[in-house]
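Notes for the one structure printed next.
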2 protein chains.
Amino acid sequence: MEAEIEFIPEGTVTSPEGFQAGSICAGIKEKAGDKLDLGILFSEVPCVAAAVFTTNKIKAAPVVLCQERLQDGSAVAVVVNSGCANACTGEQGLRDAVEMTSLTAEKVGVSPEDVLVASTGVIGEQLPMELIRAGIGQIVLSADGGRSLVKAMMTTDTVPKEVAVRFGDSGFTIGGVVKGSGMIHPDLATMLCFLTTDAAVELDFLRLALRKAVDISFNMVSIDGDTSTNDMVLVMANGLAGNKPISQDSRQAGVFQQALDLVCIYLAKSMARDGEGADKFIEVTVNGARSIAEARQAARTIVGSSLVKTAVYGNDPNWGRIVAAVGRSGVEVVESKIDLYLGDICVLKEGRPLPFDKESAVRVLKESEVSIDLRLNLGIATATAWGCDLTTDYVIINSEYTT
Amino acid sequence: MEAEIEFIPEGTVTSPEGFQAGSICAGIKEKAGDKLDLGILFSEVPCVAAAVFTTNKIKAAPVVLCQERLQDGSAVAVVVNSGCANACTGEQGLRDAVEMTSLTAEKVGVSPEDVLVASTGVIGEQLPMELIRAGIGQIVLSADGGRSLVKAMMTTDTVPKEVAVRFGDSGFTIGGVVKGSGMIHPDLATMLCFLTTDAAVELDFLRLALRKAVDISFNMVSIDGDTSTNDMVLVMANGLAGNKPISQDSRQAGVFQQALDLVCIYLAKSMARDGEGADKFIEVTVNGARSIAEARQAARTIVGSSLVKTAVYGNDPNWGRIVAAVGRSGVEVVESKIDLYLGDICVLKEGRPLPFDKESAVRVLKESEVSIDLRLNLGIATATAWGCDLTTDYVIINSEYTT
């Protein structure tokens, strides 16, 4: 089945047929000089749309507005800015979010009800609406504009993160862009992800498929344990491929889910790799848990542990911290059954420390991708989580964010 | 009532009548040169004893042994080492823990069943028993040995943390020592705390009083979100004051609880102040929660947030991170009711950002003690949590722990 899915070289969110995007530097990121900070993603025809939002009880104005507008499961465009999160901004924030969609609607010639909005950046400051009003009109949309849009979403991201795949006998495409990279934690993060497809997809199935894909991708990434007020993963399906809409019972449902999973996992891993201040990418696999939920919980706890993350940063094979993390994760653990591997080096077998060559272990930790493999040997469930090391750069980046 | 309790200048765990302690450098902390690393705390008469242990499912051998030995609620001595946690050490670890208590029992002339043991340091390495066997015999116990004992417990602690208070009409004393200072998180941490009192206390009340005191003190401290395998808070009451044992119905029960609370809060705050790499002490008070449990949860989430901690480190009044943290804490929050103060500066009133003087806010954050006051305005419950900033030094300390 996997063979049916292929990566599109230089693919992005505008790779699927009928999507356009563009962005400009509106001046919202004051200190960032001439960086792109305002963009639009637009479909030439109306889309079936679904989204997953932050679980934070403090929701930014754009999140509140999008939740309302997506109840009907349709959208045509989304406007996005970086540099200001429009969160904790009260009634004014909500009015500004609505105005952003109205201005965009006017520009692209659709109803404001069909336009969504997303913001990322500093919390607690009002949007500089005069800059946004001046900026939206100047955005030039084009069929290869995804590469420009992704840059307008970036905050502390160091590289743009985008992908597209082609799949199925009818040659459907799914594309996506994502921004991280602080406040990243399970159940979403300061992340914005826009996914597009030219496949026609039924709303119920699209919602279900997105939830499944997010659970095994973005919800398995932890950068710093904080969950943002602005997180959003949005998928828009415009149906330009002309297929009979894919539903849960369609022959194409499986490959669609696989392609969506692949795109989401690719973007989630890109996000972890580009975590704030990250030197290294960490992949934690937990095998032999009693249930998927416990495997997920254990993997996320390990990859989120500050002490594990600093040990990886320091190339320190202090594996006791991994065992201590799983011990406090709340999942069932029997010490005398645990096996633990750093890369392919077994350091703990059935709960007993094995003598291991410290130099080889240090070598494993010095790689840019570090894998940790924990086997609970209590059941058959497995899960993988992704993260990055905790570095002095992380602290420096986050201690100077608004000053 | 509070006036009945007074701090004893230079008080420590041996301040209560009939307690002795001592320590030596046994050479367990190899890299630390001549640092004290093995000590004994001893009561001249048998004690009623209670303890609270780590909730980590991976429990170090000393924890397993102490849980068993404290079922009868009595103890006479405790032997403690730093430099090796004796955790994830299998059957050998348990045999070594038992041997440490036997050697100590022989030295002080009691039954091994009355001796407890605690270890702190690296996980996954066996104790250097030849050093411990040679060391225990050389420890000299004295009535002012608490100051020596506390040093033998230290790992990354930079200062010894000890206190004693006198209270009640009969002049009871409670003393205590504690070590932090990484892997510190609610529901205990890599912390060892020994408390002593010359008051006679009934076992049931002692257990209850300790649990209550720990809940509002050590369980409200977060350094880095990791919970250790070795945590223990032990209280020993030797009754040498000659009073009728204090029970829950005693006239003295209230002041005993107050004194125990005071000692535990003092030691918990000392631990937060001395968190690994900490530049600053952070006190977070949450008012107006619907319940004590929610107030506690909110306060602990804020003080534990990496983004809040790095902002404090950088003197950055990026208060949106505080609101985002409470939003993901799981407690009930109504954005339009929240007030937030940094020190005495109100930055958010009924959910609306207030213009504030950034220089004054930076000044508040530059103090060595930073207070954050969040008012949910939903109920009457309140709680306070303590922590420290997240600094580049924390990362450096923890990236080089075993290498």
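The values are calculated or read from the model by the stated rules, or taken from the named source; none is laboratory data. Just so we're clear, the structure is a prediction, and the values are computed from it rather than from any experiment. Quick reminder, even Gly has a Cβ in these numbers, built from the backbone with ideal geometry, and neighbours come from all protein chains shown. Each accessible area value is taken on the protein alone, full model and side chains, heavy atoms only, with ligands, DNA and RNA left out. Shrake-Rupley method; radii C 1.70, N 1.55, O 1.52, S 1.80 Å.
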Residues being within 11 Å of another protein chain (Cβ to nearest Cβ) and acidic (Asp, Glu) - total across region B:294-307:
0
Yes or no: region A:282-293 includes at least one residue that is closer than 30 Å to residue B:156 by Cα, in contact (Cβ under 8 Å) with a residue 12 or more places away in the chain and in contact with a Cys (Cβ under 8 Å, 6 or more places away or on another chain).
yes
Only one residue in A:291, A:329, A:247, A:270 is under 25 Å from the mean Cα position of the chain (by Cα), within 14 Å of chain B (Cβ to nearest Cβ) and small (Gly, Ala, Ser). Which one?
A:329
Enumeration of residues in region B:35-60 that are over 17 Å from the mean Cα position of the chain (by Cα), open to solvent by 20 Å² or more (accessible area, probe 1.4 Å) and over 18 Å from residue B:104 (Cα atoms):
B:35, B:48, B:57, B:59
Read through the list (1) in a helix (DSSP H, G or I); (2) more than 9 Å from chain B (Cβ to nearest Cβ); (3) in contact with a helix residue (DSSP H, G or I) (Cβ under 8 Å, 6 or more places away or on another chain); (4) of a type outside the set (Asp, Glu), then give the number of the only condition that residue A:285 fails.
(1)
Residue B:347 vs (1) within 13 Å of chain A (Cβ to nearest Cβ); (2) out of contact with any Phe, Trp or Tyr (no Cβ under 6 Å at 6 or more places or on another chain): all pass except (2)
Which numbered condition residue A:133 fails, given (1) modelled with pLDDT of 95 or more; (2) within 20 Å of the chain's Cα centre (by Cα); (3) among the basic types (Lys, Arg)
(2)
Residue check, residue B:105 touching a Pro at 6+ places or on another chain (Cβ under 7 Å) and farther than 30 Å from residue B:255 by Cα
yes
Counting only residues that are within 16 Å of residue B:232 (Cα to Cα) and within 14 Å of chain A (Cβ to nearest Cβ), which one in region B:89-121 is modelled with the highest pLDDT?
B:119
Which ranges mark the strands (runs of 3 or more DSSP E) fully within region B:4-116 that have 2 or more residues being hydroxyl-bearing (Ser, Thr, Tyr)?
B:74-84
Can you spot a residue in region A:175-198 that is assigned to a loop (DSSP other than H, G, I, E, B), charged (D, E, K, R) and modelled with pLDDT of 85 or more?
yes
Pick from region A:122-144, criterion surrounded by 24 or more Cβ atoms within 10 Å (Cβ to Cβ) and in contact with a Phe, Trp or Tyr (Cβ under 9 Å, 6 or more places away or on another chain), ranking: nearest to the other protein chains (Cβ to nearest Cβ)
A:123
Of the residues in region A:61-88 that are among the polar types (S, T, N, Q), surrounded by 24 or more Cβ atoms within 10 Å (Cβ to Cβ) and out of contact with any Pro (no Cβ under 7 Å at 6 or more places or on another chain), the one that is modelled with the lowest pLDDT is A:82
